[in-house]
Structure formats: structure tokens, C-alpha cells
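Take a look at the structure below.
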Amino acid sequence: MLVLSGDIGGTHTRVQFTEFTASNAMKVIAIARYNNNEHSSFIDIVDDFFIEAKIERSEIVSACFGAAGPVINGKVNVTNLPWIIDTNDLKQALKIDKVEVINDFMAIGYGIEVLKPENLLTLQAGKPQEDGIKAYIGAGTGLGVGFMTYHQGTCLFHSTEGGHVDFAPTDDMQLDLLKYLRKKYHRVSFERVLSGHGLANIYAFVRDHKIFGEEENSELRFLIKSDNDIDVAAIVAEYAIKHKDIMAMRALDIFMSIYGAAVGNLALTTLPFGGLYVVGGIAPKLLTQIKKGGFLEAFADKGRMSVLLKSIPLHIVLYEDIGLQGAAVCASKIVL
């Protein structure tokens, strides 16, 4: 059977046709990535994908789409994007009844269940427990959080809006960062510092709070100011990693420390002895920085609970299409 899946983020949307065999093996037939700002709606993207893949609507039996934002009664206002995704509209557009819209981090949960070992980088083996809770967190355009529980052999997926909890500074520098961002946002969530926009916010803070008379790199300043559509986070990361720019490096170090602390907070909240997974588009691009030490130090720096956190299996998911794959798995289950 052929199913359609999609992963709708704040910046890009990925869509995929997947064929499932009788033995439930998966084969990707076609996959594409689209810039959201080049389309007026998600249905426009779907229409283009059918044409480009040369597949007729009548060939698919079901569809599932993961979207960034809370799904209420089959409808979601996509976070960081002025789109409303409605299940009923999609059923009409696709001319099939078996269509679901789920939170993007619920889709990631489905994807984690079918991950291959080569899709993971294990940072900490821990002491895994069979059927233990699994949790996952990922920074990208925004910050997502989800977890999975097991009941009588059945996996239950739980989406959350945990990326929007209050940012909790862990040192004086981060306290100053909070004060700085409060002037702009009033309320500062973790997503304000742990996302693409978050790294840009941290760099702006570093730029405005010089240490030892630092001067901003004129080339970096020019790039940031030259084009409103530029990916500031990617540019800052590039200047930190490739050019060893002092301000960019400090911003990235702060980002890594905050990320590790947030992952540790999730570990304490859920006790995921089935595994704690760092997902999203940012982590695979910053593996060297993650393994340097600051991330893991912040993860485990939980006072009396630090010993407990050493028992949590901790992994980086290297497969960036995990949400897209998970949505395909979900689509296959709708048919059953």
C-alpha cells in the first residue's frame, strides 16, 4: 500500500510517498522538501508534490501529517507559521477518508520506534529498561518535547508544548541573558534560547555584552544585517566552528550549555529509562560541540539528582527525517 506523509515545520515542509509491503517493510517512493514562504498553504505543497512525483491521488490509501503546534479536533494553527491545517480540508483535497493530522513530536515518537542503530549516536549508555518511558526533545525552528509510555505492550505517544516552559538560567551569564531577553519578549521561554532564533538571540546578547573589550566581526555583522531572510543561526554557528570567531564561539557555548540543561530537566521530569533522544535539525550539525563536554556537563549538573541522570540512556538522533518517517508509520496504522 502507498501512503502520503508530511512533516510541517515553521520554515520547511517535507513530504514523502512510502510503500508498505505485506511484511510491513517500508520503501520510500518519493521525497521532497519545500520552503514554506514560497507557498500560500500546505495543500499547495501537496498539489505540487503529486505533480512532481507523477503519482495520482487514487494511488494512496491513507495520509498522516505531523505539524508544529497543538492539534485540537483535527485542526492545528502551525507554530511560527500563519497556516491552519484542517483534517477535513485535507480529506477533501486528497479524496480519501483515512487522513490524520498529529503533533510533529507525536510523529517523531512513531519514528523513534522504527529507528535503525546507525541512526543514533549514543552519548551515554545508561541503564536501559525494557518498556521504560522514552522522551525526546529537539531544537530547530522551534523547540519540541514529547514522550512515550507503554501499557500492556502498546506504545502510547504523548505530545507536549514543553518547549514553551519558562527559561531557567543556571549561572550569572544566563541570568543576564534572561534580563536582556525580558526587555524584548517580557516572558522568556526555553524556545527563545533553544532554536534557530534562540541562537540568534544569544549572539545578539553576546554582541551587546562584550567581555575584555571584544569587537564584533565586521564581516559577520555585515552578513547579519545585509538580508532579513538570512539564517542568522547557521551563520553564527559557521563563524564559531570554521572561523573561530570569539563572539560566535561564546554564543554557541552558551547555547550548548542551555541545551544540555534543558535535556537534563526533561530527564528529571519523565525519568526516561527507555531512552532520552535529542532530535531536530540542529543537533546533528553540532556533534563536535555536543561531544566537547559542556552539553553533557550541563545535562548532569542536577545536584543530588546527578547520579540518577547517569542511568538515563542518552542518544542523538542523526536521521533528520524521523518525523516524516514516523508520520508514514502512523499513516500505515490508520488503514488497519
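Just one of the numbered conditions (1) surrounded by fewer than 18 Cβ atoms within 10 Å (Cβ to Cβ); (2) under 20 Å from Y150 (Cα atoms) is not true of K91: (2). Taking segment 20-47 as the range and being under 25 Å from the mean Cα position of the chain (by Cα), in a strand (DSSP E or B) and in contact (Cβ under 8 Å) with a residue 12 or more places away in the chain as the test, the residues that pass are M26, V28, I29, A30, I31, A32, R33, Y34, N35. Restricting to segment 214-238, name every residue that is over 23 Å from the mean Cα position of the chain (by Cα) and in a helix (DSSP H, G or I). If the condition is that a residue be over 23 Å from the mean Cα position of the chain (by Cα) and in a helix (DSSP H, G or I), then S218, E219, L220, R221, F222, L223, I224, K225, S226 are the ones that fit. If a residue has to be under 16 Å from V3 (Cα atoms) and of a type outside the set (D, E) to count, how many in segment 93-125 make the cut? Of the residues in segment 93-125, 11 are under 16 Å from V3 (Cα atoms) and of a type outside the set (D, E).
Reported count of residues in segment 147-183, each being in a strand (DSSP E or B), of a type in the set (V, I, T) and within 23 Å of the chain's Cα centre (by Cα), is 1.
Considering only residues in segment 98-141 that are hydroxyl-bearing (S, T, Y) and within 17 Å of the chain's Cα centre (by Cα), the one that is nearest to A233 (Cα to Cα) turns out to be T141. In this structure, A67 qualifies as under 17 Å from the mean Cα position of the chain (by Cα) and among the aliphatic types (A, V, I, L, M).
Looking at V263, V278, just one residue is in contact with a strand residue (DSSP E or B) (Cβ under 9 Å, 6 or more places away or on another chain), under 25 Å from A67 (Cβ atoms) and assigned to a helix (DSSP H, G or I), and that residue is V263. Inspection of segment 304-311 finds a residue satisfying the criterion of being part of a loop (DSSP other than H, G, I, E, B), assigned by TED's automatic domain parsing to the domain that holds Y136, under 14 Å from A267 (Cβ atoms) and of a type in the set (G, A, S).
Against the test of being exposed (fewer than 13 other Cβ atoms within 10 Å of the Cβ) and in the same structural domain as L271 (by TED's automatic domain parsing), the options T154, T141, T160, T170 yield a single qualifying residue, T154. Scanning segment 279-311 for residues that are touching a residue at least 60 places away in the same chain (Cβ under 8 Å), under 19 Å from N119 (Cβ atoms) and of a type in the set (A, V, I, L, M, F, W, C) yields a total of 5. Any chance segment 231-251 includes a residue that's in contact (Cβ under 8 Å) with a residue 12 or more places away in the chain, among the aromatic types (F, W, Y) and either surrounded by fewer than 18 Cβ atoms within 10 Å (Cβ to Cβ) or touching a Cys at 6+ places or on another chain (Cβ under 7 Å) (or both)? No: zero hits.
Pairs meeting the criteria (first residue in segment 66-91 and closer than 17 Å to I334 by Cβ, second residue assigned to a helix (DSSP H, G or I), beta carbons under 6 Å, at least 6 apart or on different chains) are G66/D104; G66/A107; G66/G323; G66/A327; A67/D104; G74/T87; I85/F42. Those strands (runs of 3 or more DSSP E) of segment 48-120 in which 2 or more residues are in contact with a Leu (Cβ under 9 Å, 6 or more places away or on another chain) and closer than 23 Å to H164 by Cβ occupy 60-67.
Can you find, within segment 121-146, the residue that is farthest from T288 (Cα to Cα) among those that are in a loop (DSSP other than H, G, I, E, B) and small (G, A, S)? Per the stated criteria, the residue is G132. Scanning segment 269-295 for residues that are modelled with pLDDT of 95 or more and surrounded by fewer than 22 Cβ atoms within 10 Å (Cβ to Cβ) yields a count of 3.
The values are calculated or read from the model by the stated rules, or taken from the named source; none is laboratory data. Since the model is a prediction, treat every value here as computed from it, not as a measurement. All Cβ positions, glycine included, derive from the backbone under ideal geometry; neighbour counts span all protein chains shown.
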